[in-house]
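The values are calculated or read from the model by the stated rules, or taken from the named source; none is laboratory data. None of the values given here were measured: they were computed from a predicted structure. Here Cβ is always computed from backbone atoms with ideal geometry, including for glycine, and neighbour counts include all displayed protein chains. These accessible areas exclude ligands, DNA and RNA; they are computed on the full protein's heavy atoms, side chains included. Shrake-Rupley method; radii C 1.70, N 1.55, O 1.52, S 1.80 Å.
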Amino acid sequence: MNTQAFERTRLRTARELAGLSQAQLAREAGLTPAAISQFESGSARPSPETVGILAKILMVPAGFFHEAMVESHEGFFRSLRRTSVVDRRRARAIAHVAHDLAVRASAAQRFCAGDVPMIPVSGLEAPAAEIEQTAARVRAMWGVSRGPVPNVVELLEAHGVAVIRLPLDSADVDAFSLPFADHPVVVLGTDKNDRARSRFDATHELAHLVMHGEQIWGVKEVETQAHQFAAAFLMPADDIHDQLPTTVDWSTLFELKRFWQVSLAALLMRARTLGRISDGTYLTAVKAASARGWRRVEPVPLGRPEQPTRLLDYLASPESSLARAVLPPQIIESIGTASAA
Ligand SMILES: [Zn+2]
């Protein structure tokens, strides 16, 4: 390792992990904000002593700054208004650490090769049929048999996607993903103790990785497309069409929820999309569910959300000592704890 190496983008990542602004870090390090800004932009390099000081303040091993780093875009975040910029950046920085872990786990033969198909959507106005087809193609390419997807998180991990849950000390951040070419990262939100919701969220992020890749459009249409993909991926039309009721038949819907491991809300939406129920019937059902408080907590709980396991297995293995030497220990621990919770 070249001890003089300094990967400038890692300074930003470490600073965002600590939730500090450039000015705050400068103050603590006894430097000017301009100096921090120059280190991050690459127009100046810190001396080894300064690197040591920064590492100490930011609670990362000094070796963290020596590692090469692949950049990714800002991530697809929903509910931008609900989450502060600091929390969002911190979540994104944690996802970068998860990517580092996946790369190292992969090098140690403890993580699957990345294998997420890129099937770019034709545009913001892409027809629903195209998105249904894309979802079907991904299922076929990944060898998913007909019917419900047994475990979405396991499926993603088996195709080289690093899946983590955000540590509990992070604020309320929705699921998001970062489209790294080798090992994309899917971060699931914190407090949603809801298996159906968590499966849908994970599939929604897969949709972005498959259809939207490096492009961030950040518009409503893109979110709708990801939802359409998730519905089609989890409930293929050919398999579910005839099972869906043509009236608001709750006992059948409860049964389908258990079988398909998706929410009642998703089933109703699917029934409307596939023309099994009319818009009017759909609205009646949604109102009835709402009146019973089911929009907050649905009946027929499916148990604990699916848990990522591959990075945890890697962290429990002796091979992870190399990663531990260069990655921030408190972040690694919190990823492990949150994902095993
Ligand atoms: Zn999204």
What's the number of the condition S290 fails, among (1) over 21 Å from N193 (Cα atoms); (2) open to solvent by 40 Å² or more (accessible area, probe 1.4 Å); (3) hydroxyl-bearing (S, T, Y)?
(1)
Within segment 302-325, tally of residues that are free of Cβ contacts under 8 Å to residues at least 60 places away in the same chain and either surrounded by 15 or more Cβ atoms within 10 Å (Cβ to Cβ) or within 23 Å of E154 (Cα to Cα) (or both)
4
Which of the residues spanning segment 251-273 are of a type outside the set (S, T, Y), over 26 Å from the mean Cα position of the chain (by Cα) and open to solvent by 40 Å² or more (accessible area, probe 1.4 Å)?
F254, E255, R272
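Each row is one residue, and each column tells you yes or no for (1) closer than 30 Å to T337 by Cβ; (2) not aliphatic (A, V, I, L, M); (3) not assigned by TED's automatic domain parsing to the domain that holds L124.
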site	(1), (2), (3)
G213	no, yes, no
V219	no, no, no
Q228	no, yes, no
A266	yes, no, yes
G280	no, yes, yes
L283	no, no, yes
R295	no, yes, yes
I'd like the full set of residues that are among the β-branched types (V, I, T) and closer than 26 Å to A202 by Cα, limited to segment 276-309.
V286, V297, V300, T309
Filter result for the condition that a residue is within 16 Å of the ligand (Cβ to nearest atom), out of contact with any Phe, Trp or Tyr (no Cβ under 7 Å at 6 or more places or on another chain), modelled with pLDDT of 95 or more and closer than 19 Å to H96 by Cα, over A202, A231
A202
Could you check L124 against (1) within 16 Å of the ligand (Cβ to nearest atom); (2) surrounded by 16 or more Cβ atoms within 10 Å (Cβ to Cβ); (3) not in a helix (DSSP H, G or I) and say which number it fails?
(2)
Would you mind stating whether G213 is open to solvent by less than 30 Å² (accessible area, probe 1.4 Å), at pLDDT 95 or above and away from the ligand (no atom under 12 Å from the Cβ)?
no
Flagged in segment 272-298 as in a loop (DSSP other than H, G, I, E, B) and aliphatic (A, V, I, L, M), in numbering order, are L274, I277, V297
So R296, is it under 31 Å from the mean Cα position of the chain (by Cα) and modelled with pLDDT under 95
yes
State whether one or more residues within segment 193-202 are at positive phi and crowded, with 17+ Cβ neighbours inside 10 Å.
no
Picked from segment 1-22 (must be open to solvent by 40 Å² or more (accessible area, probe 1.4 Å) and among the aliphatic types (A, V, I, L, M)), the residue nearest to S72 (Cα to Cα) is A18
Given the conditions (1) touching a strand residue (DSSP E or B) at 6+ places or on another chain (Cβ under 9 Å); (2) in contact (Cβ under 8 Å) with a residue 60 or more places away in the chain, report the number of the one that V161 does not fulfil.
(2)
Is it fair to say S37 is open to solvent by 20 Å² or more (accessible area, probe 1.4 Å) and farther than 27 Å from A91 by Cβ?
no
